[in-house]
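**Q** Supplied in structure tokens, the structure appears directly below.
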Amino acid sequence: MAAWSERRLIEKIRQASKSQDVGLLKSIGDDCCEVVARNSFLISTDSLIDGIHFDRSFHPPKLLGRKTIAVNVSDIAAMGGNPRFVLLALCLPVDLEWDWISSWLDGVLEILDEFKCALIGGDTVKAKELAMTVTVLGEPLESGAIYRNTAGEGDTVWVSGPLGSAGIGLKILTHKKQYPDDTRFDLFEVLIGAHLDPKPQVALGLKLAESGLVTAMQDISDGIATDLAHICKASEVSAHIQADCLPFLPELPPAAALLNIDVEGLLLRSGEDYQLVFTVRRGEEAGFAKRFPGVVQIGKIHSGEGVFLQREDGTAEEITFQGYEH
Ligand SMILES: Nc1ncnc2c1ncn2[C@@H]1O[C@H](COP(=O)(O)OP(=O)(O)O)[C@@H](O)[C@H]1O
Ligand SMILES: Cc1ncc(C[n+]2csc(CCOP(=O)(O)OP(=O)(O)O)c2C)c(N)n1
Ligand SMILES: [Mg+2]
């Protein structure tokens, strides 16, 4: 199978990236790109490394291309912004097949198109290991971005959708790698999809920011135990969440039972769901779930520090920063 070549790859990127964006003065092909700043930009960068962030043996390249952009766009969603421009830095082993990187790029371009986001530059180098770094620029609403450090006592804590799906999805894929003939997991495509092709909550993030009722927000990449702890630490408050309020898909418990994995641990600690966790200003929680279908109230902000889980049986546990660790 043919290996990739730098000139061919950059030509494919250049051809595919002819953006009509009026804010784009200079795109791919010069020392820098040049964009017009209307107000301010939200700017974030994140890397995906072979063997750490993905397993090429089961991650289809096109879906990995989508995920590479999705996890970065999710950081813009978490600030209540709109992703506009992306830079792509690629470290590629010399023997990487052209078909693989070409499909990966097709996934990148597909999701960028879905978010009306333009690829405006990057870098391509030969390297020992496969790694991709994405930088994304987004625009906040005129009313401003939503930060992590502005949750207040009496605010309620919410999540945008089911937790633990991506975590169990990864466990299923890892199991199927070892036992390819185990057909018991064929019913759990939705969980596998949550790992392979996560959906960043851009539209919801914008609506939440627009509502003026959300005091702090963050995306869930490392699990709520860690990501809610970021909000608490930055805001100098504590959060008390209810175990029986944590939302999950109906497919999760039977899949977890087959693999003998604890459901609560998946919901709190597995990460990569790219849902939003956010706080709603005190006294504004009534009617909030009706206004934003799918969002779920899971707890409340108090004084003090840390994140605490309360169970139905009356037991409580501190879970501060107990999410995914590299
Ligand atoms: N190598 C680095 N140099 C400078 N800033 C960094 C570096 N690594 C992380 N940061 C900053 O630390 C903060 C937390 O990073 P991270 O945990 O990766 O956030 P996220 O979960 O949103 O990707 C961010 O503001 C990020 O820009
Ligand atoms: C092969 C493989 N092993 C483990 C994981 C699980 N995993 C890798 S990174 C990660 C958390 C998110 O990554 P990070 O780089 O911390 O994102 P950030 O918080 O910077 O957005 C998880 C749950 C995976 N996706 N693939
Ligand atoms: Mg990061």
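**Q** Show the residue pairs that are 6+ apart or on different chains and have beta-carbon atoms under 7 Å apart, the first residue being within region 307-326 and free of Cβ contacts under 8 Å to residues at least 24 places away in the same chain and exposed (fewer than 11 other Cβ atoms within 10 Å of the Cβ), the second being outside any strand (DSSP E or B) and not basic (Lys, Arg).
**A** none
**Q** Go over the candidates Ile49, Ile76 one by one and state the one that is over 30 Å from Gly144 (Cα atoms), within 16 Å of ligand 3 (Cβ to nearest atom) and not in a loop (DSSP other than H, G, I, E, B).
**A** Answer to the check: Ile49.
**Q** Please find, within region 134-166, the residue that is nearest to Met217 (Cα to Cα) out of those that are assigned to a loop (DSSP other than H, G, I, E, B) and of a type in the set (Ser, Thr, Tyr).
**A** Among residues in region 134-166 that are assigned to a loop (DSSP other than H, G, I, E, B) and of a type in the set (Ser, Thr, Tyr), the one nearest to Met217 (Cα to Cα) is Tyr147.
**Q** Pick from region 213-224 the residues that are away from ligand 1 (no atom under 12 Å from the Cβ) and crowded, with 24+ Cβ neighbours inside 10 Å: which of them is farthest from Gly271 (Cα to Cα)?
**A** Across region 213-224, the extreme among qualifying residues is Val214.
**Q** Ok, one more. Those residues that are in contact (Cβ under 8 Å) with a residue 40 or more places away in the chain, more than 16 Å from ligand 1 (Cβ to nearest atom), of a type outside the set (Gly, Ala, Ser) and over 29 Å from Glu129 (Cβ atoms), I need them from region 5-47; list them, please.
**A** Asp21, Leu24, Val35, Arg38, Asn39 - these are the residues of region 5-47 that are in contact (Cβ under 8 Å) with a residue 40 or more places away in the chain, more than 16 Å from ligand 1 (Cβ to nearest atom), of a type outside the set (Gly, Ala, Ser) and over 29 Å from Glu129 (Cβ atoms).
**Q** Residues to consider are Leu246, Leu208; find the one that is away from ligand 1 (no atom under 16 Å from the Cβ) and in contact with a helix residue (DSSP H, G or I) (Cβ under 7 Å, 6 or more places away or on another chain).
**A** Leu246
**Q** Give the residues of region 83-101 that are buried (at least 21 other Cβ atoms within 10 Å of the Cβ) and in a helix (DSSP H, G or I), sorted by residue number.
**A** Within region 83-101, Ile101 is the sole residue that qualifies.
Every number here is computed from the coordinates shown, using simple stated rules; none is lab data. What you are looking at is a predicted structure, and each value in this text was computed from that prediction instead of being measured. Here Cβ is always computed from backbone atoms with ideal geometry, including for glycine, and neighbour counts include all displayed protein chains.
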